[in-house]
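J.: Dumping the structure here so I can ask a few things about it.
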Amino acid sequence: MSQPSPRTSPTPFDLITMGRLGVDLYPLQTGVPLAQAETFGKFLGGSPANVAVAAARLGRRTALISRTGADPFGDYLHGALRDFGVSDRWVTPVAAYQTPLTFCEIFPPDDFPLYFYRRPKAPDLEIHPGELDLDAIRAARIFWATGTGLCEEPSRAATLAALAARGRRGLTVLDLDWRPLFWGGEGGASGAGGRTGPAAMAAARPHYAAALAHATVAVGNADECEVATGERAPHAAARALLAAGVELAVVKRGPEGVLAVHRDGTTAEVPPVEVEVVNGLGAGDAFGGALCHGLLAGWPLERTLRFAGAAGALVASRLSCSAAMPTGEEIEELLGSGAGSASAPSGADAGAPRTEVPRS
């Protein structure tokens, strides 16, 4: 990145993720609006960072490519990544911008508004193509990029360069990760705002298409699939993602579970795991880390989806995101228990509501 960093490790990483990183500040009371909340917990946040944490918790060797502000919150994130077993060798500071903060309100079972503080620009959008360790990206067993990384330059060019460097080899994942706020929809993105949600979606689609042309796996919910392909219905969305170039399409369906379709004709659909939802945010990232674990293990597709869905359900039943990522033993215990008598489905969208409030 902007400072010298060690070059490729002799042992490739199991998973390298790239993109958003920040501090989550969650109220320690549920059912309380931010205006009335008095105490907060501080956690590592950002979807790619959480996916790396989730996979590390399952024993995988992981790293993150991102940037922070040159500030105490950035120092906190470096320490948190290391504590979770995620390499921070490619996480470097940007003096011009502050480390982003994200607040949420917690209204179980399905209302978790997010408030992003990423203006005038988040450091994780200042990843430049020339700073990438492309040898390490090529060597990683899985490389994971996100749609958010496509929303602004130079992150967009860097994300596409990293995906292209993979040469469609192995497992190259695009998490569709649609956040209209970052694209100018419903409140504006850094630098320019005021466009409608549909306009933001139309602006984003060509960049998603460019990324999908390099990916072998795509993961997203109905909204995200619609942005990328124009299709919302699960099977139609999966077909459209395959047509866009991927080998495996994973469509998260929230309370209806998850669908995955492989180009070879293999299809798997699994129901949700029901839990008492505390905070659905971060459950989709647990799903992603567990999905990577199953793909690396070479498990059958249905087993991988069940495992990933249970990982997401466990995180949905807990307050935090990164600190809540489960171990393999916890996931197997939940699956072995028949998922218990929980009252609210988190499923393999994995209860990952991406409710957004147009503030940042």
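The values are calculated or read from the model by the stated rules, or taken from the named source; none is laboratory data. Since the structure is predicted, the reported quantities are computational estimates derived from the model, not experimental observations. Note that we place each Cβ from the backbone using ideal geometry, even for glycine, and neighbour counts take in every protein chain shown.
J.: Kindly check whether there is at least one residue in segment 246-259 that is out of contact with any Asp or Glu (no Cβ under 9 Å at 6 or more places or on another chain), at pLDDT 95 or above and not hydrophobic (A, V, I, L, M, F, W, C).
T.: no
J.: Six or more apart or on different chains, Cβ under 8 Å: which pairs go from a residue in segment 197-226 that's closer than 20 Å to Ala238 by Cβ and without any contact (Cβ under 8 Å) to a residue 40 or more places away in the chain to one that's buried (at least 19 other Cβ atoms within 10 Å of the Cβ) and among the β-branched types (Val, Ile, Thr)? Could you list them?
T.: From residues that are closer than 20 Å to Ala238 by Cβ and without any contact (Cβ under 8 Å) to a residue 40 or more places away in the chain, the pairs are Met201/Val227; Arg205/Val227; Leu212/Val246; Ala222/Val251.
J.: Across segment 83-113, what is the total count of residues that are farther than 14 Å from Gly69 by Cβ, in contact with a strand residue (DSSP E or B) (Cβ under 9 Å, 6 or more places away or on another chain) and among the hydrophobic types (A, V, I, L, M, F, W, C)?
T.: The number of residues fulfilling the criteria is 7.
J.: With segment 108-181 as the region, which strands (runs of 3 or more DSSP E) entirely inside it contain at least 1 residues that are surrounded by fewer than 24 Cβ atoms within 10 Å (Cβ to Cβ) and either modelled with pLDDT under 95 or among the charged types (D, E, K, R) (or both)?
T.: Of the strands (runs of 3 or more DSSP E) lying wholly inside segment 108-181, those with at least 1 residues that are surrounded by fewer than 24 Cβ atoms within 10 Å (Cβ to Cβ) and either modelled with pLDDT under 95 or among the charged types (D, E, K, R) (or both) span 114-117.
J.: Evaluate the following for Ala290: is it in contact with a helix residue (DSSP H, G or I) (Cβ under 9 Å, 6 or more places away or on another chain), buried (at least 22 other Cβ atoms within 10 Å of the Cβ) and either at negative phi or at pLDDT below 95 (or both)?
T.: In short, yes.
J.: Ok, one more. Modelled with pLDDT of 90 or more, of a type in the set (Val, Ile, Thr), assigned to a loop (DSSP other than H, G, I, E, B) and farther than 17 Å from Tyr76 by Cα, is that true of Val32?
T.: Here the answer is yes, as Val32 does meet what is asked.
J.: Evaluate the following for Pro72: is it out of contact with any Pro (no Cβ under 8 Å at 6 or more places or on another chain), at pLDDT below 95 and not small (Gly, Ala, Ser)?
T.: For Pro72, the condition - out of contact with any Pro (no Cβ under 8 Å at 6 or more places or on another chain), at pLDDT below 95 and not small (Gly, Ala, Ser) - is not met.
J.: Same structure, new question: Are any residues in segment 213-232 among the hydrophobic types (A, V, I, L, M, F, W, C) and either modelled with pLDDT under 95 or buried (at least 21 other Cβ atoms within 10 Å of the Cβ) (or both), and if so, which ones?
T.: Ala215, Val217, Ala218, Val219, Ala222, Cys225, Val227, Ala228
J.: Being in a loop (DSSP other than H, G, I, E, B), touching a residue at least 24 places away in the same chain (Cβ under 8 Å), surrounded by 24 or more Cβ atoms within 10 Å (Cβ to Cβ) and not acidic (Asp, Glu): is that true of Arg67 here?
T.: no
J.: Return yes when Pro27 is crowded, with 24+ Cβ neighbours inside 10 Å and either within 19 Å of the chain's Cα centre (by Cα) or at pLDDT below 95 (or both) and no when it is not.
T.: The answer is no for Pro27.
J.: Same structure, new question: Within the set of pairs 6 or more residues apart or between chains, which connect a residue that is touching a residue at least 24 places away in the same chain (Cβ under 8 Å) and acidic (Asp, Glu) inside segment 245-270 to a residue that is surrounded by fewer than 16 Cβ atoms within 10 Å (Cβ to Cβ) and not in a strand (DSSP E or B) with Cβ atoms less than 7 Å apart?
T.: Hits for this filter: Glu247/Arg263.
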